[in-house]
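A.B. asks: Sharing a structure with you now.
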Amino acid sequence: QMWEEAIALGKELAEQYENEMFDYEQLSELLRKQAQFYENIVKVIRPKPDYFAVGYYGQGFPTFIRNKVFIYRGKEYERREDFEARLLTQFPNAEKMKTTSPPGDDIKNSSGQYIQCFTVKPKLDLPSKFHRPVSEQIVSFYRVNEVQRFEYSRPVRKGEKNPDNEFANMWIERTIYVTAYKLPGILRWFEVKSVFMVEISPLENAIETMQLTNDKINNMVQQHLNDPNLPINPLSMLLNGIVDPAVMGGFTNYEKAFFTEKYIHEHPEDHDKIEKLKDLIAWQIPFLAEGIRIHGEKVTEALRPFHERMEACFRQLKDKVEKQYGARAVISSLDDRRGSRPRSMVRSFTMPSSSRPLSVASVSSISSDSTPSRPGSDGFVLEPLLPKKMHSRSQDKLDKDDLDKDKKEKKKEKRNSKHQEIFDKEFKSTDISLQQSEAVILSETISPLRPQRPKSQVINVMSSERRFSVSPSPPSSQMTPPPITPRTKLSFSIQSNLELNGMSSSEIPDVPPPLPLKGSMADYGNLMESQDLISPTTSPPAHQRVSP
């Protein structure tokens, strides 16, 4: 479960796969494994093994371990008693020492075998890349791995014994062991290369104890925030041991020992340390408040009376601490660590389509009165956004549309090609007079169901009106706008002297061909039904004059 080491090796392999071997299949598989390792680091709780200091004293041991001290890394959940039993099986004649103090020369020079074993605490050595506070789940790996310094603390009493308060004269004799290599390594045990000892004063010991307690509360709170399924029994024991003064006395013993006028007068050099201890006591209250809040959310009905009593003790403790040392407030950093999006941004991504505001282009398209010449050409579909319009317009609206169409027609006439101008000159004399009393709507549309006309009729209609269709108009009160359909361009082949398809005007007969049979439903409303309106000068070529 040393996923941090696996990630470091994976990065070396990734460099080879990507830049040396160009094996992208292996690279993708490796990156998937790395992603799983990162997820395991954050989510999986790993057991913390214990470390043991073992000294082999006496001339009866082999020379490579004689009178030397080694640091061993225990197995998962292995207790010191089990480790000692496993160690003594290798040296059945050895005798286990009862004390943890270094032995004298008489034991070192004796012919027997003496083994000294006790638990040591690894000292955290964070890598330099962690230059800012990070999650406890990430730091916990380095508390028991990649460690080279270990410490063992032994209480020592100095001065007069105080029966009322044992913390006043309790000194700590701390021994630091430095191994040859970091643990764990290629072996589970390494030799100790240097040993030195320091003494911790009672006030410094109180500061360390308060700091460790606050860190322990905060770490357990973070674990429950990250994983709501954790059991609350360890949290209950931790909170009750701090909040209930009948269990351990809390920090009241520190107040009696170090916050008195006598101690401050006798130790003026400890003024800063006393202030630091007071600050740690004040900071413990917000940590406890968060822990009790989580405990109240997860407590069962059977433990409800226990939780209520703990809350009552905490209220008394909070009032006392805030009155003497001030109030502190903890800013929750859970959202900052997760790097979640702002709520406004999340809302913008999860808003349903029915409540989304329209874009600027859509709003401007809706508010515009102009109708596009080709449906779908502007890229917007407006039917779902607007109710269906009524198919009736006022006369003023119709006149306005007619003026706009006239302007468009004039622009189109200026863009006519040279062939169109020749075509107009040749057939200018054959204009058809229509009734002036009736208003007409000129629609440049061709129904998709209409069959093709013979070329003679198309040419005659074009020569007379230069329009595709002519239809009478209903009264203005019932006027409906023409349907908008894609335009169809007609191409003509115009030759001089009316030589159409190799035939001259003298060869064209006087009788036009009959209309084609009506094979399906089609729009014949625009076809010329009056034979008088058809010019006798044009007719289809000979090969088209066949009766259907």
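A.B. asks: Before we move on, is residue 294 in the same structural domain as residue 212 (by the TED database), out of contact with any Ser or Thr (no Cβ under 9 Å at 6 or more places or on another chain) and part of a helix (DSSP H, G or I)? Write out each step before concluding.
C.D. replies: Working: in the same structural domain as residue 212 (by the TED database): yes; out of contact with any Ser or Thr (no Cβ under 9 Å at 6 or more places or on another chain): yes; part of a helix (DSSP H, G or I): yes.
Taking the combined requirement at face value, the residue satisfies it.
A.B. asks: Any residue in segment 1-27 that is without any contact (Cβ under 8 Å) to a residue 24 or more places away in the chain sitting within a Cβ distance under 9 Å of a residue that is of a type in the set (Lys, Arg) and open to solvent by less than 70 Å² (accessible area, probe 1.4 Å)? List the pairs, counting only those 6 or more apart or interchain.
C.D. replies: Within 9 Å, no pair qualifies.
A.B. asks: If I ask for residues that are open to solvent by 50 Å² or more (accessible area, probe 1.4 Å), under 53 Å from the mean Cα position of the chain (by Cα) and not hydrophobic (A, V, I, L, M, F, W, C), which ones from segment 154-173 would you list? Steps first, answer last, please.
C.D. replies: Our first condition is that a residue be open to solvent by 50 Å² or more (accessible area, probe 1.4 Å); within segment 154-173, this holds for 154-155, 157-164, 166-167, 171.
Pick out the ones that are also under 53 Å from the mean Cα position of the chain (by Cα) and you get 154-155, 167, 171.
Within segment 154-173, 154, 155 qualify.
A.B. asks: Among (1) touching a residue at least 60 places away in the same chain (Cβ under 8 Å); (2) open to solvent by 40 Å² or more (accessible area, probe 1.4 Å); (3) touching a Gly at 6+ places or on another chain (Cβ under 6 Å), there is one condition residue 69 misses while meeting the rest; what is its number?
C.D. replies: Of everything listed in (1) touching a residue at least 60 places away in the same chain (Cβ under 8 Å); (2) open to solvent by 40 Å² or more (accessible area, probe 1.4 Å); (3) touching a Gly at 6+ places or on another chain (Cβ under 6 Å), residue 69 misses just condition (2).
So that you can scan it fast, the table gives a plain yes or no per residue for (1) of a type in the set (Gly, Ala, Ser); (2) open to solvent by less than 70 Å² (accessible area, probe 1.4 Å):
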{"site": "45", "(1), (2)": "no, no"}
{"site": "58", "(1), (2)": "yes, yes"}
{"site": "61", "(1), (2)": "no, yes"}
{"site": "74", "(1), (2)": "yes, yes"}
{"site": "83", "(1), (2)": "no, yes"}
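A.B. asks: Check whether at least one residue in segment 26-47 is over 30 Å from residue 136 (Cβ atoms) and in contact with a Phe, Trp or Tyr (Cβ under 7 Å, 6 or more places away or on another chain), and report yes or no. Outline the logic, then answer.
C.D. replies: First, pick out the residues of segment 26-47 that are over 30 Å from residue 136 (Cβ atoms): 26-29.
Now drop any that are not in contact with a Phe, Trp or Tyr (Cβ under 7 Å, 6 or more places away or on another chain), which leaves 26-27.
The answer is yes; a qualifying residue exists.
A.B. asks: Sort through 138, 186, 176, 115 and tell me the only one that's part of a strand (DSSP E or B), β-branched (Val, Ile, Thr) and surrounded by fewer than 17 Cβ atoms within 10 Å (Cβ to Cβ). Reasoning before the result, please.
C.D. replies: Working: 138 fails: part of a strand (DSSP E or B); 186 fails: part of a strand (DSSP E or B); 115 fails: surrounded by fewer than 17 Cβ atoms within 10 Å (Cβ to Cβ).
Checking each option against the conditions leaves just 176.
The values are calculated or read from the model by the stated rules, or taken from the named source; none is laboratory data. Because the structure is a prediction, the values reported are computed rather than measured. Methodologically, a virtual Cβ is constructed for each residue, glycine included, from the backbone with ideal geometry; neighbour enumeration extends over all protein chains shown. When the accessible area is computed, the model is the full protein with side chains, heavy atoms only, and any ligands, DNA or RNA have been set aside. Shrake-Rupley method; radii C 1.70, N 1.55, O 1.52, S 1.80 Å.
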